[in-house]
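What follows draws every value from the coordinates through simple rules; no lab data is involved. Predicted model only: the values in this text are computed from it and were never measured. Every residue, glycine as well, gets a Cβ built from its backbone with ideal geometry; the counts of neighbours run over all protein chains shown.
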Ligand SMILES: CC(C)(COP(=O)(O)OP(=O)(O)OC[C@H]1O[C@@H](n2cnc3c(N)ncnc32)[C@H](O)[C@@H]1OP(=O)(O)O)[C@@H](O)C(=O)NCCC(=O)NCCS
């Protein structure tokens, strides 16, 4: 049972990360591939994400999951809010009976450096002092910020979000685990969000749960 990390966030919200070590048939005993996924490892990631839902909430009805036009998976009656992410050999899921949720897991990579202007506002690049960081700290910080915005994007769930304009993350000192404060703004809607994170030299995990 290779649970990499698990947390009961509150009485109604649980999350977990699975380290994938099993063959496909382990997951297909419980869940099936919802849409055609031809790449074997991507199919394994997809299955592991789905597998976590009834792992976290045994009565979770995975067979009722629908896919919105935005590609967001959801339950028609919204009995549970949920979010899924996967990268490398990790799959993560968060499930809540009461709050909208978003989760993202990312391998720390130098590749985020090339696209930082796409997802960070110029003010964020200055406030986070990205240029003053050594390479590892820079890649960890950028991956964490990317991951945080992906989690917020999934929490929002309606697509059509400019990562640089609609989401701003307050600069803070980064630890191995902690909270990020962020603002999400889209049209007339604006809210503050608290994001939780875990960060190692190789993996970033961020989740958000909020009404
Ligand atoms: C959809 C998106 C968030 C997926 O993130 P990713 O890092 O590529 O992949 P992840 O493994 O973390 O997440 C994939 C899961 O997200 C979920 N998902 C897909 N689209 C979603 C959406 N619109 N809303 C919420 N969740 C979504 C699915 O559960 C999917 O897994 P599954 O197909 O196996 O069920 C991302 O591809 C995306 O479109 N981001 C927005 C793009 C954008 O506007 N970027 C601008 C900044 S450069």
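Across the range 61-80, the qualifying residues are those that are touching a strand residue (DSSP E or B) at 6+ places or on another chain (Cβ under 9 Å) and more than 11 Å from the ligand (Cβ to nearest atom), and the one among them that is farthest from residue 17 (Cα to Cα) is 76. You will find that of 104, 63, the residue that is on the phi < 0 side of the Ramachandran plot and loosely packed, with under 12 Cβ neighbours inside 10 Å is 63 and no other.
To keep it simple, each residue is scored yes or no on (1) in a helix (DSSP H, G or I); (2) away from the ligand (no atom under 12 Å from the Cβ).
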| site | (1), (2) |
| --- | --- |
| 59 | no, yes |
| 82 | no, no |
| 85 | no, no |
| 92 | no, no |
| 117 | yes, no |
| 123 | yes, yes |
